[in-house]
Each structure stands twice: as structure tokens, then as C-alpha cells.
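The values are calculated or read from the model by the stated rules, or taken from the named source; none is laboratory data. Keep in mind it's a predicted model, so treat the numbers as computed, not measured. Note that we place each Cβ from the backbone using ideal geometry, even for glycine, and neighbour counts take in every protein chain shown.
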Amino acid sequence: MKQERLEKLLNEMSLSEKIGQLIQLSGDFFKSKDISFGPIQKLGIPDKLVDLSGSIMNVTGAAETQRLQKQQMAKQPHHIPVLFMSDVIYGFKTIFPIPVGLGATWNPELIKEAFKVAANEAAVSGNQVCFAPMVDVTHDPRWGRTLESPGEDPYLNSCFAKAMVEGLQEQLPNKKGQVACVKHYAAYGAVEAGLEYNLADMSMSNLFQNYLPPYKAAVKAGCKMVMASLNTLNGVPATANKWLLTDLLKKQWGFNGVIISDYASVYELIKHGFAADEEDAAFKALDAGIDIDMKSPVYANGLQKLVENGKLSITKINEACMRILQLKNDLGLFENPYFGSSEIEEHEYTLSDDNRKLARKVADEAIVLLKNNHQVLPLSSNEKVALIGPYGDEKSLIGMWAVHGDIKDCVTIKAALSSILGTNLGYAQGTDITRDKQMLAGLGFLNEERISRIVSDDETENQNHQAALSLAKKAETIILAVGENVFESGEAGSKTNLHLPKNQVKLIKDIHNLGKKIVLVVISGRPLVLTDVIQDVDAVVESWFPGTEGGNAIADVLFGKVSPSGRLSTTFPFTEGQEPLYYSHLSTGRPQKGSQHVGRFVSRYIDAPNEPLFPFGYGLSYADVKYSDLQIESDALNESDNLRLSIKLVNDSQWSQKETVQVYFHDDVASIVQPVKRLVSFKKVTVPAKTSVRVTFSIPATDFSFFDNTGHPKLEKGSFHLFIGPNSNDVITKEFQII
Ligand code: BGC
């Protein structure tokens, strides 16, 4: 539709119609099947406004969205099409590994391809907007949503933010792809103590340096929507934070798309004690910059009164409404309200062989080999293998936020291994995932009947345990597939105990006592504390929730179809008492190593090491690529120069290896204390077998700047240290100067 017609449409719309555009409701309001997660409550919205609502969340399926579109357009006086929005966070039906695993690929180009597939699967099913990418930087795996984010580093997350937005949106002109909605703006990953929906409180320097960059990268990549977060930031709820939404996002970053609240968060302004009532909440959210009120009654019940009693200018409503109409128009919905939806393509394209192949490739690269003593891996198909553990034959491999995925489509570890090993494979469940009924009941999705199906009675448990031990005795190698229950991570999955459940630890210990070769395969939504089992096993394969092709990818790694190349994008703690634990912490005046003080009065724990169990960037491979000969072209740069460096990588093995070369730095003296190390660049390169390669980088000097407490970047002259290596710990160092 031409711009003038769009403006004419806005002028012709009644106030209720305009307010309707600013309301998003879930499918249940329209007698449709809905898969929404959040808290269910009666909203008390007048039927008329339900009919006028401008977007519908979490309803998909070509036939159903087409039916609903027809139904809703008929009810709207101006027949304005609705937008269908949904949580497509790491796949639609073909599910990729959870984002913390996507982060571990260190391969944004590959993830861009994955997001293209996710976007196309969603588009043929009638969806137009994805609530993704989620790029909250997170430093604390007690937070269940560690699952949803690419990781703990702002630079790495920014690279993924860009790739994900491009992957989602690139094909929009062809009526494919999806509008991206970056979330959760801002700093949701910093919730205190890893507790869901908690506050985030921090210095401006920290906010600009560590939390804002990924959202900004998404906006720079052209992301058309932004979702405000549920948390307060320095005391002000993000949902009503005018500085965050208007001054920074719109005015400074130039964002002119649509801003949506998170689920019910406009109403929650009242619960926060930030707004007195619905009218007050509506005013504060709209005034701050929220265009769409997701799943709360506040805009529906508050805006009309505010305009009528003169407290809110109609201009504000017109502007918000126009942004939504504009988005609909940009997608061509006025001409074709069904966008890319197609029952035929839904059938042909969704979960196609090619999509599955890509999911497997991504999972191959997401898996991180954490331990491989005496090169027990890869295994050979001639070995007699016992697959033991509750994840051995479990289909639930897609993680909590794959709301459109179906675990029925998953390849289990057992299915994948038996196609390689045939009769050389034996299987025993050994134990349940967890036996903690109280915790399971608290997860919110499992009723008593389901729990009693998940948790065996004591006698069955004992039999399972014994059967596993006798199977293990007969095997040469034991693969122990363990992990968290799917609902223990994801939204509202905060935990204080990050160990494997006691019953699984017991199984591991008893099998260890048999003295066999043990490979631990871990399925988890976050870094777990593996300290108590790490010595009992020879190899550890962190597989996350690996997605639809999970079993095949795990088999690829175990049997050497690929050499593992995943590198942690999140630190694995030694104990959860260290949290928040991340590699880029600021220097302290009394560092444990290098302080003038000795003994007690340094920054350390008296009952645990300061160091993590596995650091950021860590991961093993079957090839052992050696780093040497770091060269810097010039070690004195001015502001407009680039730091040009190169490093030699030698691969003496028979394996062709994908290697992630990581570049970190430290600003030695600065007017704001700087992190001990900060990632500034990386490259994932292939080092063919028996060869060496030289990897080069050219890093603009301005990338070595930091943000001050007014949010401005500063590059201060002086000496810097450069670190380069295969992870954040094992690095080669050189000094350079900014002059
Ligand atoms: C989550 C969002 C999600 C939304 C819609 C909220 O509870 O925080 O990440 O997009 O629900 O499902």
C-alpha cells in the first residue's frame, strides 16, 4: 500500500481500532490452539477490543493462521490484517541446539543459515514475527535462561545477534523469512543471583560495555522489532524506561521499528510498585516507548480513558499505531495477508532432509569435548559398547524453549549408536533423570500422574541400577548419557544446585568402580557443576539440548565422523558458590596471583579455587593444534590504525580440524578498571591434517576502547596486552601501545 493510503487509513481509524493495534493476545482468545507459556490469567479485556487486536501470539500452522486471519479481518472495520508472532528461538519444527550450544559453535555464518531455515519453516506455517534473537549476556548459569542466550561475552553475542537477525530477515522481500524481535532489552541476563524476574543493577560503564552491545548489533543489522525485558534496570522497569527505550534505542541508535513489551510486563509495572493502577501503567509504558502491550489488560483498559481525560495525547497513540501499520505494510500484508503461509510447503519444507542435515551439522559443531584422557575418544565401531543412563533412549532433546518442536521427531542417542554398532551395542536406562518429585512438581508443567511416570518406584529403580551394572560389566566401553530434566532450564528455571542429580551421580560412581572406560555424555540447558564426577570418567562430551538431530550429532563426535570443534561460550564453574563467574572480570587490587599480600588477605575463596572447572572458550578436539610465532606488524598504534597480527597453527595429526582462534586483550592502565581479559576478535578456520596455517587479524585500534560511566567510548593511550590462543586461558601474549 502506498504511504499516503497508509496515512489515510490511520486517519480513518477510530480510537478503539488504533488501541486494538497496540494489543497482543494469545490464541486462546480467538478459540485457537495456543502454546503460550507465561502465567495464565483472566485478563478482563472487553470483547470488542479482543476483536480489534492487531497481533496474535503463538498460533501457527498454515491452515489455522489463514482461518484466523480471515476471521479477524472480517471483524475489523478496516479489514486490517493481524500479525502472527511467535517464539521461534532456535528452530521451528527442525530444532537446532539450544542457543548456549549455538554460541559454542563460534560460527555465526553457520548459525545464520540455521536461522534462515527456522524463519522459512515458521513463514510457511503462517508466522511473521519471531521473538528472537535472544542475546542477553549472562554471567550466572543459575539463571535458567542461560539456555536461550549464545553466552557470556558481549562481543561473541554481538556477532551472533547480527547473524541471527540477518538469517531471520534476509528473505522477507520474497515473502519468506521472519521479522526479528531482539530481546530482552535490556540487561535481563544480569538478574541478581541468577533469580528469574529479578532486578539488574549496575554501573553505566558495565551496562554499555557488557550488556548493551548485542542488542545494538541486532539493531544495526536491521532488526525490525525489539522486546523490552521483564527486569528493572537500576530501579526502573525496562518496560517503562524512557531513557532505555526512547533516548538510547530510538534517538541514539536510530531504531524506528516496533517495540513490544514482554509477557504481561506492562501490567507488572503495578506489581513492581512503579505504577499505581492500569491507567498509570498504560501511560508510563506508552510514554516510555512500548508500542505493543503483550498479554496484559492495561492498554485495552487504560488508553482510551487517558486520551479522553486529556492525560495522553492522541499523537502518541497515532505514532505507535503507525509503526505497527508500517510493519504490516512493509511485509505486504495489506496485499497478501497470508504472507508466506502454505499448507503444501509446510508439508514439503518443514523437517525436510536438508533442514535435518543442517541441524546435524550445527549440533556437530555445538558439542564441546571437555575431557578426553588417553584419547579414549573417538570410539571404534568394533567395540562392545554399553549405553547407560536416562538420556540413552530419551527423545526429549530439544530443550524447553523449542515450543513448536515435537520430541517425536528427535533421533535418540540409542537409535544413532545402534546404526553404527549393531549388535555391539547394549542399552540400560540405569536410573531416572531425577527422582526428586518435589522439584518436578515445582517445575510447573508436570502433574502427579506424569511425575509418577517419570519417577520409577524404588524397586524398579533398584532393578534398573542392577541391570545397568551387569550390562556394564560385559562391555569394553561405557557411554553414560546423563543430564537435567528439560524443564529445569529455560524460563523460570533458576536453580541453586547445578550438580547432576544424586541418583545419576551414584550410577556414575558405581560404574566407575568397575574400572572400565567411561564416556560421559551430558545433556543440559546450562553449564553444570561436574566437579564431583569429572574424576570418575575418561571423557566428557557436553551436548547441551542438541536438537532434533541430537543423537546423530553425538554419534558423529563419539565415533569420529567429525573431530569436535565446539568451544565453551560460557564458563563451567568448579562450584556454584563461585557464581557469577566469568572470564572477563575486572582486576582486583589483591589478585590471588601477583598480589603483594600473601596468605589470607587476597581475593580468593578459602574452600574452593577461584578458577572455573572449564574456562570460557575451552574445548578439546581429536587433533591437537599448536599455536606459535605470534607476530604483530607494529606494536605502536594511533587511534586510526589497525593492529595487524598473525599466528601460526600447526596440526600434526591425521584430522582435518576446525579451530577457533581467539584474540583477547587487557588495557594495562585505564581511568576505569578494566577486565583481566576481553575478547576482541576470533576466527574459526580449518587446519587440514599434517599442515600448518598462518591466521591473520586486523583489528581497529578503536576496538580496544572501553565505555566510561556516561556511556561514551574511550580509547586511552598507554600499554596493552594482547592474548591469543585456543581458549581464554591458554594464551600467547604480546604487548603493544596506543600512542
Ligand atoms: C518470555 C519471552 C517470550 C514471551 C512470549 C515471556 O514469558 O520472557 O521471552 O518471548 O514470553 O512467549
Failed item in (1) in contact with a Ser or Thr (Cβ under 9 Å, 6 or more places away or on another chain); (2) touching a residue at least 24 places away in the same chain (Cβ under 8 Å); (3) of a type outside the set (Lys, Arg), with ASP703 passing the rest | (2)
Can you tell me which residues in segment 616-629 are crowded, with 18+ Cβ neighbours inside 10 Å and either part of a strand (DSSP E or B) or touching a Ser or Thr at 6+ places or on another chain (Cβ under 7 Å) (or both)?
-> PHE616, GLY617, LEU620, SER621, TYR622, ALA623, TYR627
When the residues of segment 236-263 are filtered to those that are surrounded by 24 or more Cβ atoms within 10 Å (Cβ to Cβ) and more than 16 Å from the ligand (Cβ to nearest atom), which remaining residue is farthest from ALA218 (Cα to Cα)?
-> ALA240
Please indicate, with yes or no, whether at least one residue in segment 355-373 is part of a helix (DSSP H, G or I), at pLDDT 95 or above, within 27 Å of the chain's Cα centre (by Cα) and polar (S, T, N, Q).
-> yes
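Each row is one residue, and each column tells you yes or no for (1) in contact with a helix residue (DSSP H, G or I) (Cβ under 8 Å, 6 or more places away or on another chain); (2) surrounded by fewer than 17 Cβ atoms within 10 Å (Cβ to Cβ); (3) not assigned by TED's automatic domain parsing to the domain that holds TRP106.
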residue: GLN631; (1), (2), (3): no, yes, yes
residue: GLU639; (1), (2), (3): yes, yes, yes
residue: ILE647; (1), (2), (3): no, no, yes
residue: GLU659; (1), (2), (3): no, no, yes
residue: ALA670; (1), (2), (3): no, no, yes
residue: PHE682; (1), (2), (3): yes, no, yes
residue: PHE697; (1), (2), (3): no, no, yes
residue: PHE706; (1), (2), (3): yes, no, yes
residue: ASP730; (1), (2), (3): no, yes, yes
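Across segment 705-732, what is the number of residues that are under 14 Å from SER671 (Cβ atoms) and not in a strand (DSSP E or B)?
8
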For segment 163-197, how many residues are in a helix (DSSP H, G or I) and under 20 Å from ALA122 (Cβ atoms)?
-> 10
Segment 441-458, residues that are without any contact (Cβ under 8 Å) to a residue 24 or more places away in the chain and out of contact with any Asp or Glu (no Cβ under 8 Å at 6 or more places or on another chain) = GLY442, ASN447, GLU448, GLU449, ARG450, ILE451, SER452, ARG453, ASP457, ASP458
Top-ranked residue in segment 434-478 [being within 13 Å of LEU514 (Cβ to Cβ) and aliphatic (A, V, I, L, M); ranked as surrounded by the most Cβ atoms within 10 Å (Cβ to Cβ)] | ILE478
How many residues are more than 16 Å from the ligand (Cβ to nearest atom) and within 20 Å of GLY566 (Cβ to Cβ) if we restrict to segment 118-138?
-> 0
Residues of segment 280-319 satisfying the condition of being in a loop (DSSP other than H, G, I, E, B) and either small (Gly, Ala, Ser) or away from the ligand (no atom under 16 Å from the Cβ) (or both) = GLY289, SER296, PRO297, ASN309, GLY310, LYS311, LEU312, SER313
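Among the listed residues LEU230, LEU207, LEU269, which satisfies the condition of being over 30 Å from GLN171 (Cα atoms), assigned to a loop (DSSP other than H, G, I, E, B) and either within 16 Å of the ligand (Cβ to nearest atom) or under 25 Å from the mean Cα position of the chain (by Cα) (or both)?
Checking each option against the conditions leaves just LEU230.
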Right, THR246: farther than 23 Å from MET57 by Cβ and assigned to a helix (DSSP H, G or I) or not?
-> yes
Before we move on, is ASN497 farther than 30 Å from ASN198 by Cβ and at pLDDT 95 or above?
-> no
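Filtering segment 33-60 down to residues that are at pLDDT 85 or above and assigned to a loop (DSSP other than H, G, I, E, B), which residue is nearest to the ligand (Cβ to nearest atom)?
Looking at the filtered set, the residue picked out is ASN58.
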Can you tell me which residue in segment 210-227 is surrounded by the fewest Cβ atoms within 10 Å (Cβ to Cβ), limited to those that are assigned to a helix (DSSP H, G or I) and within 16 Å of the ligand (Cβ to nearest atom)?
-> ALA218
Filter pass, THR531 being within 15 Å of GLY619 (Cβ to Cβ) and not acidic (Asp, Glu) = no
Failed criterion for GLU383 (all others in (1) assigned to a loop (DSSP other than H, G, I, E, B); (2) among the acidic types (Asp, Glu); (3) without any contact (Cβ under 8 Å) to a residue 40 or more places away in the chain hold) = (3)
Scan segment 403-412 and give yes if some residue there is among the hydrophobic types (A, V, I, L, M, F, W, C), within 16 Å of the ligand (Cβ to nearest atom) and in contact (Cβ under 8 Å) with a residue 12 or more places away in the chain, otherwise no.
-> yes
Exactly one condition in (1) farther than 21 Å from ALA288 by Cβ; (2) free of Cβ contacts under 8 Å to residues at least 12 places away in the same chain is not met by GLN252; state its number.
-> (1)
Can you name the residue in segment 70-111 that is hydrophobic (A, V, I, L, M, F, W, C), part of a loop (DSSP other than H, G, I, E, B) and within 17 Å of VAL129 (Cα to Cα) and is also nearest to the ligand (Cβ to nearest atom) among such residues?
-> ILE89
When TYR215 is evaluated against the numbered criteria (1) in contact with a Gly (Cβ under 9 Å, 6 or more places away or on another chain); (2) closer than 22 Å to ASP708 by Cα, which criterion, by number, is the only one it fails?
-> (1)
